[in-house]
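Take a look at the structure below.
The values are calculated or read from the model by the stated rules, or taken from the named source; none is laboratory data. It should be emphasised that the depicted structure is a prediction, and the values quoted were computed from it without experimental measurement. Don't worry about glycine lacking a Cβ; one is built from the backbone with ideal geometry, like all the others, and counts go over all protein chains shown. What goes into the accessible areas is simple: the full protein's heavy atoms, side chains included, and nothing from ligands, DNA or RNA. Shrake-Rupley method; radii C 1.70, N 1.55, O 1.52, S 1.80 Å.
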There are 2 protein chains.
Amino acid sequence: MSKKHRGAQSVAFEKPVYLIGRGCVGGVMEGKGPLARHFDILASDALWGEDSFEKAERKFFFEAAKKAIEKGKKSSRDIDFLVGGDLLNQIISASFSARDLDIPYLGLYGACSSMAESLAVGSMIVDGGFASHVLCATSSHFGAAERQFRFPLELGTPKPPTGQNTATAAGASLLSDANDLGDPGCPVIRRATIGNVVDFGVTDANNMGAAMAPAAAETILNHLEDFSLEPDYYDKIVTGDLGTFGSELLIDLAKQVSGTDLSKVHYDCGASLYAGLKKVYCGASGCGCSASVLNGYLLDEMQAGRIRRILFVATGALHSPTSAQQGESIPGIAHGVAIERGDV
Amino acid sequence: MSKKHRGAQSVAFEKPVYLIGRGCVGGVMEGKGPLARHFDILASDALWGEDSFEKAERKFFFEAAKKAIEKGKKSSRDIDFLVGGDLLNQIISASFSARDLDIPYLGLYGACSSMAESLAVGSMIVDGGFASHVLCATSSHFGAAERQFRFPLELGTPKPPTGQNTATAAGASLLSDANDLGDPGCPVIRRATIGNVVDFGVTDANNMGAAMAPAAAETILNHLEDFSLEPDYYDKIVTGDLGTFGSELLIDLAKQVSGTDLSKVHYDCGASLYAGLKKVYCGASGCGCSASVLNGYLLDEMQAGRIRRILFVATGALHSPTSAQQGESIPGIAHGVAIERGDV
């Protein structure tokens, strides 16, 4: 057994991996929701001066990455590697941003789990001694995602009540092997759990919460078991974008499978980002949802000392339009990353 | 500077990362080419008993992965993580295989550079102490890739002379932190170079070799500089799928940029896989090309002692049909991994 591997599917970092900079950028809907003031930048419209949704998404990715570098008081030359991905085919938002940022680049794809996946991989690279500074980032865009995964917006196709709206947002975290800014409360990544692909046979692409909830339950329960922790060790166990319906499923599943009560500590980024807004069905989804809520609201709360420890579990649906057309079910995955204030 | 980072964009592994098992699966064309006898399995037709090219590609991925596990004398329960990806939208070949293999999974996307990217990430995970056994795998399929990236085969669209044929193939490598099978000549991964995204403004999706050659040149030259090595330190410097035209460009570029002569040691998987066959234009491409040639022919040669050290540089074109339709150029990337016999 390797020295940092724990239990079934987890790793423990030997040294603190410091999250020294973070950026988050949102669109119009994000600016109307309850978390608006936690965004670094809110774009004035969905195109943000570009001539396509896809180019706009790339700008979201790039600007969030730049903010994280800037807040970490670094320049892009100081960053060893960029680890990131997005929802678009061939992850073009991440890849074209990597070109423009000019940082050696590892592209990844975990659908909406990508922020947690990039933090897990980035932390292993830093703690493994391979890099001093790794930038982790991801993005999504409502217009680009609807066109690619469902129907172009111009068709005006209605959504069923279990549907979710892809967030137009991006988030980035700058990881470091040292507490470069000297803040004792600097967030630190302590441990991670790599997800299994879990498939309960859901085939409805308008009910992604149901497809991803079993994966979230498995990762959370295995994380707690791998480290012998109780749920209340964390102030919040955060899921990415299960939405209101998927969140209920998660609570029920955890109770049924192992009698674990997650209801007191659970928080879902997707259910929160658009809370109180109209026509958002079960809430927000997309890589950018959990990425921006983590790097905005949640780490603002940690900085303020109101939360000290979170388990950040971003969930992804690993299907494609092609697999759906060929009658396949929607496999889900969830990666978990434990982030704690450095002084607790 | 972190202790295992080297130069501009490279990492050196502290301990040997053993490549204890490998698998490669090919299709009909691969079975007619000069490397046919190095494949573990050759499928009888492009569908291989499945009802779509996409499902067939998944079978290629899965079977290559199973072979690597089997040859490493392990079962899937012994594998800590699967790191892999493929060319299809949302990397469904890798993700659905991860579900069926039931191994915690990190999906990545580096287009045709994915085999080198997965070996680099997998080696960092093993050498970083996070896992004892990591499986790295990738695949591609001619029919599925043509349909997704160019035109469905049914249209019979002709290719220009600079075109390449996506390989119908998959390759997998099983990495270990110990020389489990006790073979002194077991291949060992010693160092890696993570690619920058390089864009020379090529916009012709039928000339990917030209789009990727600058990235290959940059990664190879920076690798040699980061480790103060001369090209002839390696018996072969292997590129993934530049094809015959892209290979010439690489040799010219390396000469022009730094006066480095790569012609004596350079080998391109894409130019070799279909060598001598008709209607293959500039050769093979696709993730599965370099993955299967590495895990078949090249490591067979290393096992036989005819080559001792290779630098495996898989190259990827990071565009998408959407980015191409929007008038974007094709950015390239190349990741390099140094593999040597354990007894040299």
Nearest-first distances (nm) between copies at B:Tyr233, label 7 Å from Cα via Cβ: 4.3
Too-long pairs where the Cα-Cα distance tops 28 Å, listed order kept, from A:Lys3/B:Lys4; A:Lys73/B:Lys4; B:Lys32/B:Lys236; A:Lys3/A:Lys66; A:Lys71/A:Lys159; B:Lys71/B:Lys264: A:Lys3/A:Lys66; A:Lys71/A:Lys159; B:Lys71/B:Lys264
With at most 13 other Cβ atoms within 10 Å, longest stretch of chain A clear of loop trypsin sites (Lys or Arg not before Pro) (DSSP): A:74-263
Per-copy distances of the A:Ala275 label point, shortest first, in nm (7 angstrom along Cα→Cβ): 6.4
Segment A:186-277: projected area of the alpha-carbon convex hull, averaged over directions, in nm²: 7.0 nm²
Proximal aspartates and glutamates relative to A:Lys59, as straight alpha-carbon distance under 17 Å, when same-chain residues fewer than 8 apart are discounted: A:Glu30, A:Asp40, A:Asp45, A:Glu50, A:Asp51, A:Glu70, A:Asp86, A:Asp100, A:Asp102, B:Glu328
For segment B:187-341: relative contact order, % (alpha-carbon pairs under 8 angstrom, 6 or more apart): 39 percent
Centre separation in Å (Cα based) which lies between segment B:3-33 and segment B:62-86: 14 Å
For the A-to-B rotation axis, chain A residue with nearest beta carbon and its distance in angstrom: A:Gly128, 1
Probe 1.4 Å, protein heavy atoms only - accessible area per residue of segment A:129-281 in square angstrom: 37 Å²
Karplus-derived HN-Hα couplings along segment A:202-208 (A = 6.51, B = -1.76, C = 1.60, θ = phi - 60°), whole Hz, x at Gly and Pro: 5, 10, 8, 6, 9, 9, 5
For segment A:1-110: relative contact order, % (alpha-carbon pairs under 8 angstrom, 6 or more apart): 22 percent
Per-residue mean of C-beta atoms belonging to partner chains within 10 Å, peptide B:186-196: 2
Between segment B:170-202 and segment A:163-217, the Cα center-to-center distance that results, in Å: 28 Å
DSSP beta bridge pairing in segment A:15-176, given as percent antiparallel to the nearest 5: 60 percent
Net length gained if the chain between B:Lys278 and B:Leu47 were fully extended (0.36 nm per residue, minus Cα distance): 81.0 nm
Other-chain or far-sequence residues with amide H under 5 Å of B:Asp268's (modelled H): B:Thr239
Cβ-Cβ FRET estimate between B:Lys3 and B:Asp343, R0 fixed at 30 Å, reported to 0.05: 0.70
Counting DSSP beta bridges with both ends in chain B, the antiparallel % (nearest 5): 65 percent
Chain A - mean residue ellipticity at 222 nm from DSSP helices (-39,500 (n - 2.57) per run, n ≥ 4, rounded to 500): -9500 deg cm²/dmol
Label-to-label distance, nm, for residues given as B:Glu14 and A:Leu229 (7 Å Cα→Cβ offset): 2.4 nm
Simple spin-label estimate for B:Val257 and B:Ala304 in nanometres, 7 Å along Cα-Cβ: 3.2 nm
Cα-projected label distance for B:Arg77 with A:Asp204, points at 7 Å along beta-carbon direction, nm: 3.7 nm
